[in-house]
Amino acid sequence: MLELRLARQFVVVSEELNFRRAAERLHMSQPPLSVAMQNLETMIGTKLLDRSKHHVRLTPAGQIFYKDARRLLQMSEQAVERARRTGEGLEGLLRLSFVPSAALDVLPAIFKRFQMDYPTVQLKLTAETTNRQLEDLRCGHTDLALLVGPLNDARDLNLLDLQSQQFALAIPSGHALASRQKIRMRELAAEPFVAFPSSEGAGFAATLPNACKAAGFLPKVVQEASQMQAILTLVAGGLGIALVPSSMRRLRMEDVCFLEIADTHPPPTYGLVFASSKENDNPVVPVFLAIAQRIVASGMTKGSSTKPITDAER
(Lines give C-alpha, C1' and ligand atoms only; values in the text may rest on other atoms or scores of the structure.)
Protein backbone atom coordinates (compact mmCIF):
# COMPACT_ATOMS: atom_id res chain seq x y z
CA MET A 1 0.00 0.00 0.00
CA LEU A 2 1.26 3.43 -0.96
CA GLU A 3 1.68 5.71 2.04
CA LEU A 4 0.48 9.28 1.63
CA ARG A 5 3.75 10.40 3.18
CA LEU A 6 5.74 8.86 0.31
CA ALA A 7 3.35 10.27 -2.28
CA ARG A 8 3.71 13.75 -0.79
CA GLN A 9 7.50 13.48 -0.71
CA PHE A 10 7.59 12.34 -4.35
CA VAL A 11 5.34 15.23 -5.44
CA VAL A 12 7.64 17.79 -3.77
CA VAL A 13 10.74 16.21 -5.34
CA SER A 14 9.02 16.23 -8.73
CA GLU A 15 8.15 19.92 -8.39
CA GLU A 16 11.57 21.00 -7.17
CA LEU A 17 13.71 18.53 -9.22
CA ASN A 18 16.30 19.14 -6.55
CA PHE A 19 16.71 16.96 -3.45
CA ARG A 20 18.13 19.73 -1.29
CA ARG A 21 15.28 22.17 -1.97
CA ALA A 22 12.70 19.39 -1.69
CA ALA A 23 14.12 18.34 1.70
CA GLU A 24 13.90 21.94 2.91
CA ARG A 25 10.23 22.15 1.87
CA LEU A 26 9.52 18.88 3.64
CA HIS A 27 11.45 19.96 6.78
CA MET A 28 13.71 16.92 6.67
CA SER A 29 17.31 16.18 5.80
CA GLN A 30 18.35 15.17 2.31
CA PRO A 31 19.69 11.59 2.85
CA PRO A 32 16.44 10.16 4.29
CA LEU A 33 14.49 11.76 1.42
CA SER A 34 16.79 10.11 -1.14
CA VAL A 35 16.36 6.76 0.59
CA ALA A 36 12.57 7.24 0.66
CA MET A 37 12.49 7.81 -3.12
CA GLN A 38 14.57 4.69 -3.68
CA ASN A 39 12.18 2.69 -1.51
CA LEU A 40 9.23 4.10 -3.46
CA GLU A 41 10.77 3.00 -6.76
CA THR A 42 11.45 -0.45 -5.32
CA MET A 43 7.85 -0.76 -4.10
CA ILE A 44 6.42 0.31 -7.48
CA GLY A 45 8.92 -1.75 -9.45
CA THR A 46 10.09 0.88 -11.89
CA LYS A 47 12.34 3.93 -12.05
CA LEU A 48 10.57 7.24 -11.41
CA LEU A 49 13.51 9.66 -11.18
CA ASP A 50 16.50 10.00 -13.46
CA ARG A 51 19.30 11.20 -11.14
CA SER A 52 22.76 12.47 -11.98
CA LYS A 53 25.26 14.76 -10.28
CA HIS A 54 23.85 17.74 -12.12
CA HIS A 55 20.13 17.16 -12.48
CA VAL A 56 17.03 15.26 -11.40
CA ARG A 57 14.40 14.47 -14.04
CA LEU A 58 11.18 12.56 -14.12
CA THR A 59 11.09 9.40 -16.18
CA PRO A 60 7.95 8.77 -18.30
CA ALA A 61 6.71 6.53 -15.49
CA GLY A 62 7.56 9.28 -13.01
CA GLN A 63 5.52 11.84 -14.98
CA ILE A 64 2.46 9.59 -14.88
CA PHE A 65 2.96 8.82 -11.19
CA TYR A 66 3.38 12.53 -10.38
CA LYS A 67 -0.03 13.41 -11.90
CA ASP A 68 -1.77 10.53 -10.12
CA ALA A 69 -0.01 11.23 -6.81
CA ARG A 70 -1.15 14.85 -6.90
CA ARG A 71 -4.75 13.76 -7.47
CA LEU A 72 -4.41 11.26 -4.64
CA LEU A 73 -3.20 13.95 -2.24
CA GLN A 74 -5.93 16.34 -3.31
CA MET A 75 -8.56 13.66 -2.76
CA SER A 76 -7.17 12.82 0.67
CA GLU A 77 -7.26 16.51 1.66
CA GLN A 78 -10.84 16.78 0.40
CA ALA A 79 -11.80 13.64 2.33
CA VAL A 80 -10.36 15.07 5.55
CA GLU A 81 -12.06 18.43 4.99
CA ARG A 82 -15.44 16.88 4.17
CA ALA A 83 -15.26 14.62 7.23
CA ARG A 84 -14.42 17.62 9.43
CA ARG A 85 -17.23 19.73 7.93
CA THR A 86 -19.71 16.87 8.27
CA GLY A 87 -18.71 16.32 11.89
CA GLU A 88 -19.33 20.02 12.57
CA GLY A 89 -22.71 19.97 10.81
CA LEU A 90 -21.40 22.08 7.92
CA GLU A 91 -21.99 19.42 5.29
CA GLY A 92 -24.20 16.39 4.94
CA LEU A 93 -27.90 15.55 4.77
CA LEU A 94 -30.82 16.51 7.03
CA ARG A 95 -34.06 14.55 6.64
CA LEU A 96 -36.76 16.84 8.03
CA SER A 97 -40.51 16.28 8.28
CA PHE A 98 -43.02 18.96 9.22
CA VAL A 99 -46.70 19.57 9.69
CA PRO A 100 -47.97 21.25 6.49
CA SER A 101 -49.28 24.38 8.25
CA ALA A 102 -45.72 25.22 9.37
CA ALA A 103 -44.72 25.57 5.70
CA LEU A 104 -47.00 28.60 5.49
CA ASP A 105 -45.53 30.41 8.47
CA VAL A 106 -42.35 29.57 10.35
CA LEU A 107 -40.39 27.28 8.04
CA PRO A 108 -39.69 29.36 4.89
CA ALA A 109 -37.55 31.91 6.75
CA ILE A 110 -35.68 29.13 8.57
CA PHE A 111 -34.98 27.26 5.32
CA LYS A 112 -33.81 30.44 3.61
CA ARG A 113 -31.38 31.26 6.42
CA PHE A 114 -30.11 27.70 6.71
CA GLN A 115 -29.43 27.33 2.98
CA MET A 116 -27.76 30.75 2.96
CA ASP A 117 -25.35 29.83 5.76
CA TYR A 118 -24.93 26.10 4.99
CA PRO A 119 -25.30 25.70 1.21
CA THR A 120 -23.47 22.33 1.18
CA VAL A 121 -26.03 20.67 3.48
CA GLN A 122 -28.82 18.91 1.60
CA LEU A 123 -32.36 19.13 2.98
CA LYS A 124 -34.73 16.23 2.32
CA LEU A 125 -38.22 17.41 3.24
CA THR A 126 -41.53 15.64 3.81
CA ALA A 127 -44.89 16.97 5.04
CA GLU A 128 -46.79 14.62 7.35
CA THR A 129 -49.21 14.53 10.27
CA THR A 130 -47.73 14.42 13.77
CA ASN A 131 -48.33 10.70 14.38
CA ARG A 132 -46.74 9.72 11.08
CA GLN A 133 -43.81 12.00 11.84
CA LEU A 134 -43.28 10.18 15.13
CA GLU A 135 -43.32 6.82 13.36
CA ASP A 136 -40.67 8.02 10.88
CA LEU A 137 -38.48 9.38 13.68
CA ARG A 138 -38.59 6.15 15.66
CA CYS A 139 -37.94 4.02 12.56
CA GLY A 140 -34.92 6.15 11.64
CA HIS A 141 -36.48 7.40 8.39
CA THR A 142 -36.08 11.06 9.40
CA ASP A 143 -33.61 13.00 11.55
CA LEU A 144 -35.83 15.82 12.76
CA ALA A 145 -39.55 16.59 12.88
CA LEU A 146 -41.45 19.83 13.40
CA LEU A 147 -44.73 18.66 14.87
CA VAL A 148 -47.62 19.75 17.05
CA GLY A 149 -47.40 19.26 20.79
CA PRO A 150 -48.01 18.19 23.40
CA LEU A 151 -46.95 14.56 22.95
CA ASN A 152 -48.34 11.78 25.10
CA ASP A 153 -45.14 9.72 25.13
CA ALA A 154 -41.78 11.34 24.35
CA ARG A 155 -39.42 9.32 26.52
CA ASP A 156 -37.24 8.33 23.55
CA LEU A 157 -37.20 11.81 21.99
CA ASN A 158 -35.39 15.09 22.41
CA LEU A 159 -37.92 17.94 22.28
CA LEU A 160 -37.47 21.65 21.67
CA ASP A 161 -40.41 24.06 21.88
CA LEU A 162 -40.22 26.42 18.92
CA GLN A 163 -43.25 28.68 18.77
CA SER A 164 -46.86 29.07 19.88
CA GLN A 165 -49.34 29.36 17.02
CA GLN A 166 -52.77 31.02 16.89
CA PHE A 167 -55.99 29.53 15.52
CA ALA A 168 -58.56 31.08 13.23
CA LEU A 169 -62.10 30.03 12.38
CA ALA A 170 -62.67 28.90 8.80
CA ILE A 171 -66.26 29.24 7.56
CA PRO A 172 -67.97 28.95 4.15
CA SER A 173 -68.07 32.29 2.32
CA GLY A 174 -71.87 32.05 2.14
CA HIS A 175 -72.25 31.56 5.89
CA ALA A 176 -74.26 34.06 7.92
CA LEU A 177 -71.12 34.93 9.91
CA ALA A 178 -68.99 35.58 6.81
CA SER A 179 -69.30 39.35 7.13
CA ARG A 180 -67.78 39.27 10.62
CA GLN A 181 -64.10 39.80 11.36
CA LYS A 182 -64.09 38.39 14.89
CA ILE A 183 -66.10 35.70 16.66
CA ARG A 184 -66.43 34.36 20.18
CA MET A 185 -66.34 30.61 20.66
CA ARG A 186 -69.63 30.60 22.58
CA GLU A 187 -71.41 31.89 19.45
CA LEU A 188 -70.57 28.61 17.68
CA ALA A 189 -72.44 26.18 19.93
CA ALA A 190 -75.02 25.27 17.26
CA GLU A 191 -72.54 25.03 14.37
CA PRO A 192 -71.38 21.75 12.73
CA PHE A 193 -67.59 21.33 12.86
CA VAL A 194 -65.07 19.71 10.55
CA ALA A 195 -62.32 18.40 12.83
CA PHE A 196 -58.83 16.96 12.78
CA PRO A 197 -58.72 13.28 13.92
CA SER A 198 -56.98 12.53 17.21
CA SER A 199 -55.42 9.44 15.60
CA GLU A 200 -53.19 11.75 13.53
CA GLY A 201 -52.20 14.14 16.33
CA ALA A 202 -53.77 14.09 19.76
CA GLY A 203 -52.35 17.45 20.85
CA PHE A 204 -53.74 19.34 17.88
CA ALA A 205 -57.07 17.49 17.85
CA ALA A 206 -57.68 18.27 21.53
CA THR A 207 -57.70 22.03 20.86
CA LEU A 208 -61.23 22.10 19.42
CA PRO A 209 -63.04 20.25 22.25
CA ASN A 210 -61.01 22.11 24.87
CA ALA A 211 -61.84 25.52 23.37
CA CYS A 212 -65.51 24.63 23.05
CA LYS A 213 -65.66 23.24 26.58
CA ALA A 214 -64.14 26.47 27.91
CA ALA A 215 -66.92 28.33 26.07
CA GLY A 216 -69.58 26.13 27.68
CA PHE A 217 -70.49 23.58 24.99
CA LEU A 218 -69.28 20.43 23.22
CA PRO A 219 -68.61 20.65 19.46
CA LYS A 220 -70.86 18.86 17.00
CA VAL A 221 -68.29 17.15 14.73
CA VAL A 222 -69.81 16.08 11.41
CA GLN A 223 -66.65 15.36 9.40
CA GLU A 224 -62.96 14.62 10.02
CA ALA A 225 -59.93 15.07 7.74
CA SER A 226 -56.23 14.56 8.45
CA GLN A 227 -54.95 17.33 6.14
CA MET A 228 -55.67 21.03 6.62
CA GLN A 229 -56.31 21.58 2.92
CA ALA A 230 -58.86 18.75 2.99
CA ILE A 231 -60.54 20.37 5.99
CA LEU A 232 -60.74 23.69 4.12
CA THR A 233 -62.18 21.91 1.09
CA LEU A 234 -64.95 20.49 3.27
CA VAL A 235 -65.56 23.96 4.73
CA ALA A 236 -65.70 25.47 1.23
CA GLY A 237 -68.30 22.85 0.34
CA GLY A 238 -70.53 24.03 3.19
CA LEU A 239 -70.23 20.89 5.30
CA GLY A 240 -69.22 22.77 8.44
CA ILE A 241 -66.85 25.24 10.05
CA ALA A 242 -63.36 24.47 11.37
CA LEU A 243 -60.73 25.65 13.81
CA VAL A 244 -57.53 25.86 11.77
CA PRO A 245 -54.04 27.37 12.16
CA SER A 246 -54.04 31.11 11.40
CA SER A 247 -51.31 30.47 8.84
CA MET A 248 -53.93 28.79 6.61
CA ARG A 249 -55.19 32.30 5.80
CA ARG A 250 -52.28 32.56 3.37
CA LEU A 251 -53.82 29.93 1.11
CA ARG A 252 -56.56 32.41 0.15
CA MET A 253 -58.87 29.51 -0.65
CA GLU A 254 -61.95 30.37 -2.68
CA ASP A 255 -65.30 30.04 -0.87
CA VAL A 256 -63.60 30.13 2.57
CA CYS A 257 -63.53 33.06 4.99
CA PHE A 258 -61.41 33.32 8.12
CA LEU A 259 -62.47 34.94 11.38
CA GLU A 260 -60.34 35.90 14.36
CA ILE A 261 -61.10 34.13 17.65
CA ALA A 262 -61.87 37.01 20.04
CA ASP A 263 -62.71 35.42 23.37
CA THR A 264 -61.91 37.36 26.53
CA HIS A 265 -60.05 34.34 27.97
CA PRO A 266 -56.76 33.38 26.22
CA PRO A 267 -57.59 32.31 22.63
CA PRO A 268 -56.86 28.70 21.64
CA THR A 269 -53.28 28.07 20.62
CA TYR A 270 -51.05 25.12 19.78
CA GLY A 271 -47.30 24.64 20.05
CA LEU A 272 -44.84 23.77 17.31
CA VAL A 273 -42.19 21.42 18.68
CA PHE A 274 -39.00 20.05 17.16
CA ALA A 275 -38.43 16.37 17.94
CA SER A 276 -35.52 14.06 17.24
CA SER A 277 -34.66 10.56 18.38
CA LYS A 278 -32.23 10.36 21.28
CA GLU A 279 -30.35 7.74 19.23
CA ASN A 280 -29.88 10.08 16.27
CA ASP A 281 -26.36 11.55 16.12
CA ASN A 282 -26.62 13.57 12.89
CA PRO A 283 -24.45 16.66 13.60
CA VAL A 284 -26.61 18.80 11.31
CA VAL A 285 -29.56 18.56 13.72
CA PRO A 286 -28.20 20.89 16.45
CA VAL A 287 -26.96 23.32 13.78
CA PHE A 288 -30.41 23.53 12.21
CA LEU A 289 -32.12 23.88 15.58
CA ALA A 290 -29.84 26.74 16.60
CA ILE A 291 -30.70 28.64 13.43
CA ALA A 292 -34.43 27.95 13.87
CA GLN A 293 -34.35 29.34 17.41
CA ARG A 294 -32.53 32.50 16.29
CA ILE A 295 -34.97 33.07 13.44
CA VAL A 296 -38.01 32.74 15.71
CA ALA A 297 -36.44 34.89 18.44
CA SER A 298 -35.69 37.64 15.93
CA GLY A 299 -39.24 37.64 14.55
CA MET A 300 -37.96 36.93 11.04
CA THR A 301 -40.74 34.40 10.43
CA LYS A 302 -43.04 37.35 9.85
CA GLY A 303 -41.33 38.25 6.61
CA SER A 304 -38.30 40.16 7.84
CA SER A 305 -35.06 40.26 5.86
CA THR A 306 -32.49 37.48 6.11
CA LYS A 307 -29.09 39.09 6.12
CA PRO A 308 -26.26 36.60 6.77
CA ILE A 309 -25.54 35.76 10.40
CA THR A 310 -22.10 37.00 11.38
CA ASP A 311 -19.45 34.88 13.10
CA ALA A 312 -20.09 36.84 16.31
CA GLU A 313 -23.77 35.88 16.21
CA ARG A 314 -23.09 32.17 15.74
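The values are calculated or read from the model by the stated rules, or taken from the named source; none is laboratory data. All values reported here derive from a predicted model rather than from experimental measurement. Note that each Cβ is placed from the backbone with ideal geometry, even for glycine, and that neighbours are counted across all protein chains shown. To get the accessible areas, we keep the full protein, side chains included, count just its heavy atoms, and leave off ligands, DNA and RNA. Shrake-Rupley method; radii C 1.70, N 1.55, O 1.52, S 1.80 Å.
Pairing each residue of segment 247-262 that is of a type in the set (Phe, Trp, Tyr) with any residue that is open to solvent by less than 40 Å² (accessible area, probe 1.4 Å), provided the two are 6+ apart or on different chains, yields C-beta distances under 9 Å for PHE258/ALA168; PHE258/LEU169; PHE258/ALA170; PHE258/ILE171; PHE258/VAL244; PHE258/SER246; PHE258/MET248. Listed by first and then second residue, the pairs with beta-carbon distance under 7 Å, at least 6 apart or on different chains, first residue in segment 9-26 and closer than 15 Å to ARG51 by Cβ and of a type in the set (D, E, K, R), second crowded, with 18+ Cβ neighbours inside 10 Å and modelled with pLDDT under 95, are GLU16/ALA22.
Here is a list: ALA61, ALA79, ALA36, ALA69. Which entry is within 16 Å of ARG21 (Cβ to Cβ) and assigned to a helix (DSSP H, G or I)?
ALA36
Restricting attention to segment 134-148, the residues that are over 18 Å from GLN163 (Cα atoms) and not in a loop (DSSP other than H, G, I, E, B) total 6. For segment 137-155, the count of residues that are at positive phi, within 16 Å of the chain's Cα centre (by Cα) and of a type outside the set (Val, Ile, Thr) is at least one. In this structure, does PRO192 turn out to be of a type outside the set (Asp, Glu), open to solvent by less than 70 Å² (accessible area, probe 1.4 Å), free of Cβ contacts under 8 Å to residues at least 60 places away in the same chain and in contact with a Lys or Arg (Cβ under 7 Å, 6 or more places away or on another chain)? So PRO192 passes the test.
Number of residues in segment 84-127 that are at pLDDT 90 or above, outside any helix (DSSP H, G or I) and among the charged types (D, E, K, R) equals 2.
The residues in segment 73-91 that are touching a residue at least 12 places away in the same chain (Cβ under 8 Å) and out of contact with any Phe, Trp or Tyr (no Cβ under 9 Å at 6 or more places or on another chain) can be counted, and the count is 6. Condition (residue is surrounded by 12 or more Cβ atoms within 10 Å (Cβ to Cβ) and closer than 30 Å to VAL273 by Cα) applied to segment 78-85: is it met by at least one residue? Taking every residue of segment 78-85 in turn, at least one turns out to be surrounded by 12 or more Cβ atoms within 10 Å (Cβ to Cβ) and closer than 30 Å to VAL273 by Cα.
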